[in-house]
Amino acid sequence: MTEHQAQLRAEGRLDEPVQSQRGALDRRRKRGGRRRRDEHQMVPDATFTSYYGRPVVKASPWEADIPAYLFLGGLAAGSSLLGAGASLTDRPALRRAGRISALSAISLSFAALVHDLGRPSRFVNMLRVVKPTSPMSVGTWILTGYGPLAGIAGAAELLTPVAGRLPAGLRPPVRLLGRLAGPAGLGAAVVAPAVASYTAVLLTHTSTPTWSAARKHLPFVFVGSAAAASGGLGMLLAPVSEAGPARRLALGGALLELGVEHAMEASMGITAEPLHTGTGGALLRASKALTAFGAVGSLLGRRNRVAAAVSGAALVAGSACTRFGIFEAGQASARDPKYTVVPQRERVERGETSGA
């Protein structure tokens, strides 16, 4: 530096060298790009706007087949648990109701899924690989393992009572089916919790704002809803004298669903709004009312067959409303860009404040 430059710098008339400015910029970048506490934001935060109101993320192309698939899969899983418990505690009517309900529900669930996929070969193609990081791949294998087990147990309940009226050539296979029903029913019960919960994981791993924000709670909501629905169906189909486990399962599932759903909504911030508005909000309000009514009825239906049946039907309907309501709320959140942009800005602010 020349004598003239030194004099100018001493008088404050010479800018800091470019290299020093770059060094300061590098030091700021190493600090994570955060503003120092004594710095002030020169430009205020922009208010939320969207490009002509267009959504940021694309809503899923799913239609009513998918929430039906979610509901029926949960109903099948809970029914398998109920059937296995009834088998171990010598309740033949409840066992029969649980196994046949599981077979019927999982068959309809598969039908809804295949209808959404367009053709059965697309489901088969998903079995060509195993991807532990993909909820879709894991769920496909869970269903593939669960379906035959529930099918054997349910088919045995349907065919064994009429084995004597079947042609002689069919009787040995039916007798074999009856011997396999017990182990198959227990195997289906082991896989059932995964069947009831994996669909929630599948939803929360999408970019749909409301589903993604519920990732910590939604699997428990689905498990509680499945237990309430299957317990309610057991109350509806089994005699009061054998329906004790169904009532207890229904009550426990209803309390779990309502409690976790309340905690979920409280933790979601602005993305919980679609759970209270529009079609999704109306379905979820109906779900809560039906589930609460069914839970109370499960206590009152210990001796009254009519009360048990009405309460059971309410619990099944409430579980269906839960699945359809959450589905509709997620679709609504994807269509409104507010539910994508506002949470992103909130996360940025929390990151700056905490030094992340």
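Quick grid of which residues meet (1) over 30 Å from Arg345 (Cβ atoms); (2) at pLDDT below 95; (3) touching a Phe, Trp or Tyr at 6+ places or on another chain (Cβ under 8 Å):
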residue	(1), (2), (3)
Ala6	yes, yes, no
Tyr51	no, yes, no
Phe71	yes, no, yes
Ala97	yes, no, no
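Under 27 Å from Leu236 (Cα atoms) and either out of contact with any helix residue (DSSP H, G or I) (no Cβ under 9 Å at 6 or more places or on another chain) or of a type in the set (Asp, Glu) (or both): which single residue out of Val306, Val260 fits that description?
Val306
How many of the residues making up the range 115-135 are loosely packed, with under 11 Cβ neighbours inside 10 Å and over 19 Å from the mean Cα position of the chain (by Cα)?
Adding up the residues that qualify gives 5.
Of the residues that make up the range 218-228, is at least one outside any helix (DSSP H, G or I), at pLDDT 95 or above and surrounded by 18 or more Cβ atoms within 10 Å (Cβ to Cβ)?
No, the conditions are met nowhere in the range 218-228.
Please state which one of Ala320, Ala308, Ala314, Ala266 is assigned to a helix (DSSP H, G or I), more than 26 Å from Trp62 (Cα to Cα) and touching a Phe, Trp or Tyr at 6+ places or on another chain (Cβ under 6 Å).
Sole residue among the options that is assigned to a helix (DSSP H, G or I), more than 26 Å from Trp62 (Cα to Cα) and touching a Phe, Trp or Tyr at 6+ places or on another chain (Cβ under 6 Å): Ala314.
Among the numbered conditions (1) under 15 Å from the mean Cα position of the chain (by Cα); (2) among the small types (Gly, Ala, Ser); (3) farther than 18 Å from Phe324 by Cβ, tell me where Ala196 comes up short.
For Ala196, the failing item is (3).
Within the range 82-101, how many residues turn out to be part of a helix (DSSP H, G or I) and either surrounded by fewer than 24 Cβ atoms within 10 Å (Cβ to Cβ) or within 19 Å of the chain's Cα centre (by Cα) (or both)?
7
Quick check on this structure: which one of Ala163, Ala181, Ala194, Ala214 is in contact with a Leu (Cβ under 9 Å, 6 or more places away or on another chain) and modelled with pLDDT of 90 or more?
Step by step, each of Ala163, Ala181, Ala194, Ala214 is checked, and only Ala214 is in contact with a Leu (Cβ under 9 Å, 6 or more places away or on another chain) and modelled with pLDDT of 90 or more.
Please enumerate the residues belonging to the range 190-203 that are within 15 Å of Leu70 (Cα to Cα) and either among the aliphatic types (A, V, I, L, M) or surrounded by fewer than 20 Cβ atoms within 10 Å (Cβ to Cβ) (or both).
Result: Ala192, Pro193, Ala194, Val195, Ala196, Ala200, Val201, Leu202, Leu203.
Given the criterion out of contact with any Phe, Trp or Tyr (no Cβ under 9 Å at 6 or more places or on another chain) and over 30 Å from Gly85 (Cα atoms), identify the matching residue among Arg302, Arg345, Arg335.
Within the list Arg302, Arg345, Arg335, the selection yields Arg335.
Could you list, in sequence order, all residues of the range 280-295 that are under 20 Å from Arg247 (Cβ atoms) and either in contact (Cβ under 8 Å) with a residue 40 or more places away in the chain or touching a Gly at 6+ places or on another chain (Cβ under 6 Å) (or both)?
Residues satisfying the conditions are Ser287, Leu290, Thr291, Gly294, Ala295.
Out of Leu283, Leu237, report the one residue that is more than 19 Å from Tyr339 (Cα to Cα) and under 18 Å from the mean Cα position of the chain (by Cα).
Leu283
Please find, among Gly187, Gly182, Gly234, the residue that is closer than 29 Å to Leu299 by Cα and either touching a residue at least 24 places away in the same chain (Cβ under 8 Å) or surrounded by fewer than 17 Cβ atoms within 10 Å (Cβ to Cβ) (or both).
Unique residue meeting the criteria: Gly234.
Being crowded, with 18+ Cβ neighbours inside 10 Å and at pLDDT below 95 narrows it down to one of Ala329, Ala254, Ala334, Ala314, so name that one.
Going through Ala329, Ala254, Ala334, Ala314 in turn, the sole match is Ala334.
The values are calculated or read from the model by the stated rules, or taken from the named source; none is laboratory data. As the structure is a computational prediction, the values presented were derived from the model and not from experiment. When we count neighbours, we look across all protein chains shown, and the Cβ atoms used for this are built from the backbone with ideal geometry, even at glycine.
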